[in-house]
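Colleague: Encoded as structure tokens, here's the structure I'll be asking about.
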Amino acid sequence: MWSEIRGYPLQAFSVCVVAYMFTQVDLALFAYALPAIREDFGVSLKTMGWVIAGAYTFGGILQVWMGHLTDYVGRKFMLQFSTVASSLFIAAHAFAPHLAILAVLRGCAIATGGAMYPVTGAVVTEEAPARYRGIMNGLLQTGYPIGWFVASLFAAPLLVLFGWRALFLVGFLSIPYVFVIRRYLNETGRFAAEKAQRLTLDSRPPVTIRELFAPGMRDRTILLFVAQYLFVIAYGGSSFFFPTYFVEARGIALDSTAYLVGIGNAIGVLGYILAAYVGEFYITRRTTVVIWTIIGATAFLVLVWGTSGFWDTMVMFAVMSMFFYGTAAVKFAYVAEIFPTRLRATGLALCSSLAVNLGIATGPLLVSYGVEALGWNLAFSTVVAVPMILAALLYLKLTPLPSGLEVEDIEGRLNSTSGIVNGNKT
């Protein structure tokens, strides 16, 4: 493995995983600050649910456009742009005079920071050796839990000492990383070849989002979108309200909650690594997603109904994050490789970024209403566990792909099965 990934593939991966980690640090700050923001502005849980819904809907729509731009102007430029823009929008949260301005800034931060998802995914997919593409894309996703852990290290002391506004100034710290991107990341060879072909007189027309719904691609696009949307209803309904849940329902102090969530996410990195390894070398990524999702849903229910103290809660939160959040290690690799190079970032932006953001917009809103009607535990169980199980059933309908295929060979295999499991074509 080392002989194939060392050199530039490992360099490109390293640049991308750190960039992705930085943006997750920035985006995680909001969840940690949410209880303090509610108290400062004097708003209800339902009001914050609508703020999150509006911000993520707005940001998700813009992310599709940014993914489309990535397939048009290039991966390297968009990675630099996203790094600077998202950092500035996050830092600007500290100066929001009222909730409406904060919601707008949140939407802009989501649009620019969330663009890291398709951009880094496209780079790693196109630069990684075929045999280890799944492993490298899976490890790329560890930037999420590591980012949440790093954010918790800032959140615990800053929230207590200086309040939530000072916390968002951490966003400025990631801006200098743009110089690392400029120095150590090249444009991918596959994108450069596509761009050169596009510029010739007889090349194909510019990339359009409509191509994702062309015959032969429509089924996989729709199925992936719906499955991702259901899964992220569960994610959005839980992750952003976990700090609030632990403070308000469990009576855990705000700084202790930050450590609980941060350390749990850090331990959860093991689940990402294990999922990537299993999906690459033992069973297909599709099947790994299904197994990890079911175990994650079970662990979530045990966390909500079967824990009470700080330490047993932390242990079960870590187990849950290993499987619930760890599915990203294989889902991301699967989604990134089933779209051709000229549509890769656009497909990721639609089937992952937009679906993810709409799910995050829906989940917290449903939880906020559910808590008022049913209480925290029943609301969590209904809005989180049920969509996860439905998503797992939809993932079963996706085509299981063997590892080690070149991205150019995957399209032909998917076209032969229409991207959906169908009788003996499995």
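Colleague: Which of Val84, Val367, Val43 ends up with the largest GNM mean-square fluctuation for the chain, with Cα atoms connected below 10 Å?
Modeller: Val43
Colleague: So how strong a dipole does the range 2-425 carry about its Cα centre when Lys and Arg Cβ are +1 and Asp and Glu Cβ are -1, to the nearest 20 debye?
Modeller: 560 debye
Colleague: I've got another one for you. Using Cα atoms only, what is the angle between the long axis of helix 355-374 and the major principal axis of the chain, expressed in degrees (0 to 90) to the nearest 10?
Modeller: Taking the Cα atoms of the chain, the angle to 355-374 is about 30 degrees.
Colleague: Hey, fewest Cβ within 10 Å first, where do Phe30, Phe168 land in order?
Modeller: Ordered by Cβ neighbours within 10 Å, fewest first: Phe30, Phe168.
Colleague: Right, next: Highest GNM mean-square fluctuation, the chain, Cα pairs closer than 10 Å: which of Gly163, Gly279, Gly113?
Modeller: Top of the fluctuation ranking is Gly163.
Colleague: Right, something else. Can you put Arg220, Arg165, Arg183 in order, fewest other beta carbons within 10 Å first?
Modeller: By the 10 Å Cβ count, ascending, the order reads Arg183, Arg165, Arg220.
Colleague: Among all lysine pairs in the chain that are eight or more places apart or on different chains, how many have alpha carbons less than 27 angstrom apart?
Modeller: Going through the chain pair by pair, I get 5.
Colleague: Shifting gears a bit: Dipole of the chain (Lys/Arg Cβ +1, Asp/Glu Cβ -1, origin at the Cα centre): which of Ala266, Gly359, Ala227 lies farthest to the positive side?
Modeller: Sorting the options by dipole projection puts first Ala227.
Colleague: If packing is taken as the average number of other Cβ atoms within 10 Å across a peptide's residues, how do 186-195, 31-40 rank, most packed first?
Modeller: 31-40, 186-195
Colleague: Moving on. Divide, for the chain, the radius of gyration over alpha carbons by 2.2 N^0.38 Å, where N is the residue count.
Modeller: 0.93
Colleague: If I fit a long axis through the Cα atoms of helix 285-306 and take the longest principal axis of the Cα atoms of the chain, what angle between them do I get, 0 to 90°, rounded to 10?
Modeller: The angle comes out near 10 degrees.
Colleague: Moving on to the next point. Compute the helix-to-body angle for 254-281: its Cα long axis versus the longest principal axis of the chain, expressed 0 to 90° and rounded to tens.
Modeller: Result, in degrees: 20.
Colleague: Just to be sure I understand the model, the point goes 7 Å from the Cα along the line to the Cβ. What's the resulting Arg6 to Leu396 distance in nm?
Modeller: 4.5 nm
Colleague: Springs between alpha-carbon pairs under 10 angstrom, Gaussian network model over the chain: which of Tyr229, Tyr272, Tyr369 fluctuates most?
Modeller: Tyr369
Colleague: How would Trp311, Trp65 line up from fewest to most surrounding beta-carbon atoms within 10 angstrom?
Modeller: Trp311, Trp65
Colleague: Could you tell me the relative contact order of the chain? Use alpha-carbon pairs under 8 Å, at least six residues apart, and round to a whole percent.
Modeller: That works out to 27 percent.
Colleague: Put +1 on the Cβ of each Lys and Arg and -1 on the Cβ of each Asp and Glu in the chain; which of Leu390, Thr307, Thr70 then has its Cα farthest toward the positive end of the dipole?
Modeller: Checked the options; the winner is Thr70.
Colleague: Can you tell me how the range 96-166 classifies by the Cα gyration tensor, rounded, prolate or oblate, using a/c under 1.5 as the rounded cut?
Modeller: Note, shape of the range 96-166 comes out oblate.
Colleague: Where the only charges are on Cβ atoms (+1 Lys, Arg; -1 Asp, Glu), what is the dipole of the range 1-87 about its Cα centre, to the nearest 20 debye?
Modeller: It works out to roughly 120 debye.
Rule-based calculations on the coordinates, nothing more; no lab input. On a predicted model such as this, the values are computed, not experimentally measured, just so you know. Because the Cβ atoms are built from the backbone with ideal geometry, glycine has one as well, and the counts that use them run over all protein chains shown.
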